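Notes for the one structure printed next.
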């Protein structure tokens, strides 16, 4: 089970189930405090990184034909929209952008809470034969991306699916890698990479924090 933002906070297989397990994890999280260790990216560096990633996507796609971006809710959504704007500004092409909610496809659905909030997908184009680029903020175990691909295949048969992330923090549990990476960051299991975006968080930076008792 994954608990906590961007990291594995607790993993129990000791008879706890459903809401009981969620309650145990929530209690442990309240007993831990988060300490900021260092800033990984400033607002300016995020902007430059997204500019580079947008150009890499177009270059490695051989142009924008059949290209579409799909942001994983939540922070993958504004990131995908910014990438699309950069592509539009540089090439004059409006690359389609969609939003994917992966809640129903998570393998820890029974432990995310008594009533997980299900958002609707917002993909108003056919994914069939599309060159899709999934966009997320942090790549960690790979489970989120596996869930996202399950969701996309329920919508159709893309020609290709690649992944673009702002931060790759390692610790993969599945054979999943990103084609486009803003920055690779070495982390421990207790550390969390927090991507803070103005559209959601009211500030713009990426920080590395740690959980301590």
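Read the figures in this text as sums done on the coordinates, not as results from a lab. Quantities reported herein were computed from a predicted structural model and do not represent experimental measurements. Every residue, glycine among them, receives a Cβ derived from its backbone with ideal geometry; neighbour counts consider all protein chains shown.
One table, with the values for the structure above:
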{"item": "Estimated distance in nm for a label pair at residue 177 and residue 94, the labels positioned 7 Å out from Cα along Cα-to-Cβ", "result": "3.7 nm"}
{"item": "Fully extended contour minus Cα-Cα distance, from residue 103 to residue 45, at 0.36 nm per residue", "result": "17.8 nm"}
{"item": "Least to most buried among 132, 50 (fewest other Cβ within 10 Å first)", "result": "50, 132"}
{"item": "Proxy reagent accessibility, fewest Cβ within 10 Å first, across 180, 125", "result": "125, 180"}
{"item": "Chain lengthening between residue 56 and residue 38 when straightened (0.36 nm per residue, less Cα-Cα)", "result": "3.7 nm"}
{"item": "Burial ordering of 177, 204, fewest other beta-carbon atoms within 10 Å first", "result": "177, 204"}
